[in-house]
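The values are calculated or read from the model by the stated rules, or taken from the named source; none is laboratory data. Worth saying up front: this structure is predicted, and the values here are computed from it rather than measured. No Cβ is skipped: glycine too gets one built from the backbone with ideal geometry, and neighbour counts run over all protein chains shown. All accessible areas refer to the heavy atoms of the entire protein, side chains included, with ligands and DNA or RNA removed. Shrake-Rupley method; radii C 1.70, N 1.55, O 1.52, S 1.80 Å.
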Amino acid sequence: MFHRNPKLFIAYRTALRFYLRALPPHDVSQAGKLGIRALKCGLETLDLARLHEEVLIDILSTDSPVHHAELIRLAGSFFAEAIMPIEGSHRVAREKNIQIQAAMNELRKRSQELVAKNKELKKEILHRIRMEVALKASEATTSKLLKESLHFQDELRSLSRNHFQMQEEDRKIISRELHDVVAQTLTGINIRLTALALQTHANSREILKNIAITQRHVEQSVDVVHRFACDLRPTVLDDLGLIPALNAYLIDFTERSGIASKISAFPTVENISDEEKTVLYRVAQEALVNIVRHSKADHATLTIRKRNNILTMKIRDDGKGFAINAPKSGTNKLRLGLLGMRERVEMVGGKFLLESSPGKGTTIQVKLFLPLEQTDISAPPSSTNMQTPDPWNASPFC
Ligand SMILES: Nc1ncnc2c1ncn2[C@@H]1O[C@H](COP(=O)(O)OP(=O)(O)OP(=O)(O)O)[C@@H](O)[C@H]1O
Ligand SMILES: [Mg+2]
């Protein structure tokens, strides 16, 4: 007797007996239902086979042995149907197993890939760390080089400041020497020549003629010496100030070049330091030389204004102008005028600006940042048109 599940045993026996006694065609649906029930009860293939065997022995024991072979064959069909749900569940499990196996294989493959990627990542991280270290080292070198170059720049600036200062001092001395000694000596010679001419007898016409010629040479030399002294360093700049010096320079500029010029400036500009005055004078001088040499202008104006604590000197011409960023063509000559102007201005902490374009003239601007106590702009600007002689510091001489 199938002792594990007697109810199932009885149900199976009833169904099989009914199946064996029924006339063909045999209905196997009951076998299928019993198979599902057996599966739900937790029976495996072997368990159901054992149940079937026990039930069959039980049935056959009550039947005539003549029919046994036929009954066993029919019972086999019944069993085949009953076992189907259990077999089916095994198949599903097998398929699931296959799927899990495939998933595990995939997982294994992925984790291998991950390990490989991890290795690569570690290599990359190491590489990056090395690069970072190298970068930091190069950054340190660059910043060291930058510091050094800034230091050299400072040194260069201080050297060129010293150079300009010494140059100004030398010019001052030479100019004074020329003006006070050489020119005076020449003037003295001239006076002596005049006296000599008066003392010479009337019949010495040849001597008189020669004296007159010599005197003319001497006078010309005096002129040249004065002009040279003035160009070197106008004594008027130190003795009377910036505006008279610029005034004198512009009168001479107009006389020599034929370019009409005009100046307008605030008298309080004289309060700035001597060094700043020299810078303004030298920039104006260089800019005016450029106007004569390059601009073909009809007019030049020089203005000095103050707003708040900023002093602005502008030198403008209405000449042909030039393309500031155009590559330098032609001669290999060094062009130092504009560079020198900028250098001088920056040396005193100022700003140098250049505006020009072909056909539009040229404007040079110098901005000096004055201490606050110098920002008094109460005095009105002085304005002079150099075409009309100016009573205010009229002498073009130094
Ligand atoms: N006012 C101006 N009008 C037209 N062109 C100008 C003017 N000022 C300067 N330039 C142009 O700018 C160039 C550079 O001027 P910069 O004063 O630096 O040199 P340079 O006058 O040629 O030589 P130097 O070194 O003797 O001064 C000039 O050669 C000229 O072409
Ligand atoms: Mg120049």
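Details
- Verdict on Pro65 being exposed (fewer than 13 other Cβ atoms within 10 Å of the Cβ) and free of Cβ contacts under 8 Å to residues at least 60 places away in the same chain: yes
- Only one of Ile129, Ile125, Ile83 that is in a helix (DSSP H, G or I), within 30 Å of Thr14 (Cβ to Cβ) and of a type in the set (Val, Ile, Thr): Ile83
- Pro25, sole failed condition from (1) open to solvent by 90 Å² or more (accessible area, probe 1.4 Å); (2) in a loop (DSSP other than H, G, I, E, B); (3) touching a residue at least 24 places away in the same chain (Cβ under 8 Å): (3)
- Residues in the stretch 269-280 that are buried (at least 18 other Cβ atoms within 10 Å of the Cβ) and of a type in the set (Ser, Thr, Tyr): Thr278 only.
- Selection of strands (runs of 3 or more DSSP E) fully inside the stretch 277-366 by the criterion of at least 2 residues being within 16 Å of ligand 2 (Cβ to nearest atom) returns 310-317, 351-356.
- Any hit, the stretch 341-352, residues being open to solvent by 20 Å² or more (accessible area, probe 1.4 Å), modelled with pLDDT of 95 or more and either within 16 Å of ligand 1 (Cβ to nearest atom) or touching a Lys or Arg at 6+ places or on another chain (Cβ under 8 Å) (or both): yes
- Among the residues making up the stretch 289-317, a single one is acidic (Asp, Glu) and buried (at least 18 other Cβ atoms within 10 Å of the Cβ): Asp317.
- Index of the failed condition, Asn203 passing every other in (1) part of a helix (DSSP H, G or I); (2) of a type in the set (S, T, N, Q); (3) open to solvent by 70 Å² or more (accessible area, probe 1.4 Å); (4) at pLDDT below 90: (1)
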